[in-house]
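Each remark here refers to the structure printed beneath this line.
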Amino acid sequence: MSPVLSLDVPVRDGALVPYANLDYAASAPCLQAVSQAVAEALPAYSSVHRGAGYASQLTTARYEQARHTIKAFARARPDDALVFTRNTTDAMNLLARSLPEGTTAVVFDTEHHATLLPWSAPVRLTPPALPGEALRAADEALAAIEGPALLVVTAASNVTGELWPIAGLAHIAHRHGARIAVDAAQLAPHRPLNVAALDLDYVAFSGHKLYAPFGAGVLIGRRDWLERAEPYLKGGGAVVAVGEQTEWQSDVEARHEAGTPNVLGAIALAAACDHLTSTGWTSLVEEEERLLTRLRTGLAAIDGVHELALWPSDHPRVGIVSFVVDGHTAREVAERLSADHGIGVRDGKFCAHPFVRHLLGVGQGGCDEIGGAVRASIGIGSTEEHVDRLLSALGVLTARRQAA
């Protein structure tokens with residue numbers, strides 16, 4: 001049995017074929033273990049932190065256990081907070097609202113919009129030509145800032161899959177008395193995360209990227225900024241007492257999780273973390289790298305297909321590849337792959353408009369001037385057949401153009 005939920009899809013001739021899901025970087029399929037964990041929790045589903053009844057008490061225990069499980073998965077420090085959010089975007093917006101007054105955010109133009117847009121008047125750095133240039137650019141930018149600063153960076157690019165030198169960037173940030181916030185949405189499903197060892201101040205990731213598509217994400221990190229911030233949401237659970245003056249919760253998690261939380265999303269995300277941990281990262285990474293090499297080698301062999309990358313081709317990356325096809329828009333390629341071959345890929349600018357424009361060499365004009373690229377991404381449940389089907393389909397597509 002596949003570890004992820006599978007699907008048969010129709011193709012142009014009316015047949016049903018097994019879906020070749022190569023769109024994990026957008027939203028990963030649900031793990032069987034995650035689906036089972038949610039199904040087991042549903043009969044006792046109830047409100048958390050509010051009821052004395054058995055179902056409420058059990059659901060509260062499962063919700064708080066999920067918090068501990070996810071912190072352990074991320075290898076966070078014992079005193080780190082973990083606030084449940086909707087996704088990485090929500091988590092980064094929560095952090096942006098919690099910055100001390102006068103804090104300057106520093107962010108590269110290679111970021112996903114989730115980490116590019118939430119900050120007020122950030123210092124934006126151009127895409128670095130090499131990893132070492134990323135370190136130098138961050139060093140220079142932070143040295144020029146007076147007052148508190150926050151370096152914001154991805155751990156793995158959602159466009160190219162390339163791994164960023166987050167340990168080195170964390171060291172540079174701390175040398176300047178700044179903090180670092182890391183978007184781990186694309187790292188967490190593919191590589192082990194160690195917040196404490198990497199000395200990261202804040203990390204965010206999403207369940208829907210991590211085989212738990214039930215609408216939950218997390219912000220993990222140091223408590224002090226979150227403790228002093230106004231509640232991200234104001235409502236039930238975030239307050240101790242309401243009268244002429246409102247007394248907000250001092251507990252960070254309660255302070256920023258007002259209202260009835262997404263309990264099933266938290267349980268699902270914890271189940272995914274448990275599954276990845278129990279499976280073991282060595283086998284997962286080895287299989288991903290084998291399929292990724294097969295995919296990239298195959299793409300390079302097809303005349304008219306061009307992979308996009310910021311850094312040299314041998315730089316480490318997770319299972320994400322973006323490319324363009326001569327003579328075809330990205331949308332045309334994606335539609336043909338789906339309609340004719342039952343293959344799912346992403347096309348467009350991947351919520352990273354400045355970065356995609358840079359990779360395509362089209363300048364920094366309007367958002368709609370280019371059609372973007374095609375992105376194929378793999379993960380648990382991806383197979384050689386999926387990769388080979390994509391390569392074969394692209395070969396057919398480019399051969400037709402060349403024959404025309």
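Taken together, the values in this text are just the output of simple stated rules run on the coordinates, not laboratory data. Everything quoted here is computed from the prediction, not taken from an experiment. Don't worry about glycine lacking a Cβ; one is built from the backbone with ideal geometry, like all the others, and counts go over all protein chains shown.
From most to least packed by mean Cβ count within 10 Å, the peptides 374-382, 164-172 give 374-382, 164-172.
Take every DSSP beta bridge whose two residues both sit in the chain; close to 60 percent of them are antiparallel. For the stretch 131-207, the set of GluC sites (Glu not before Pro) satisfying both a DSSP loop assignment and a count of at most 11 other C-beta atoms within 10 Å is given as 146.
To the nearest 20 Debye, how big is the dipole of the stretch 33-278 about its Cα centre, given +1 on the beta carbon of each Lys and Arg and -1 on that of each Asp and Glu?
Values: 19 positive and 25 negative charges, 87 e Å.
Dipole size: approximately 420 debye.
Show which lysines lie in cross-link reach of residue 349 when reach means a straight Cα distance below 25 angstrom and same-chain residues fewer than eight apart are skipped. Candidates past the 8-residue exclusion: 209. Seen through its C-alpha gyration tensor, with square-root eigenvalues sorted a ≥ b ≥ c, the stretch 306-368 comes out oblate because a/c lies at 1.5 or above while a/b is not bigger than b/c.
Which loop trypsin sites (Lys or Arg not before Pro) in the stretch 10-112, with loop taken from DSSP, have no more than 16 other Cβ atoms within 10 angstrom of their Cβ? The partial results should precede the final answer.
Details: sites: 12, 50, 62, 67, 71, 75, 86, 97; in loops: 12, 50, 75, 86.
Listed in order of number, the matching sites are 12, 50, 75.
About its Cα centre, the dipole of the stretch 13-102 is roughly 320 debye, where the only charges are +1 on Lys and Arg Cβ and -1 on Asp and Glu Cβ. Taking 351, 30, 273 in turn, the Gaussian network model of the chain (Cα-Cα springs below 10 Å) assigns the largest fluctuation to 351. For Kirkwood radius over Cα pairs in Å, pick the label among (i) 26.5; (ii) 22.3; (iii) 20.9 that corresponds to the value derived from the coordinates. Identified label for the calculated read-out: (ii). For the peptides 101-109, 219-227, the ranking by packing is 219-227, 101-109, with the highest mean count of neighbouring Cβ atoms within 10 Å listed first.
Rounded to the nearest 500, the helix-only mean residue ellipticity at 222 nm of the chain stands at -12000 deg cm²/dmol, with each DSSP H run of n ≥ 4 adding -39,500 (n - 2.57). Here the Gaussian network model covers the chain, with springs between Cα atoms less than 10 Å apart; of 11, 34, 263, 11 fluctuates the most.
When ranked by the protection proxy of mean other Cβ atoms within 10 Å per residue, highest first, what sequence do the peptides 209-218, 119-128 form?
Working: 209-218: 26.4, 119-128: 15.8.
Going from most to least packed, we get 209-218, 119-128.
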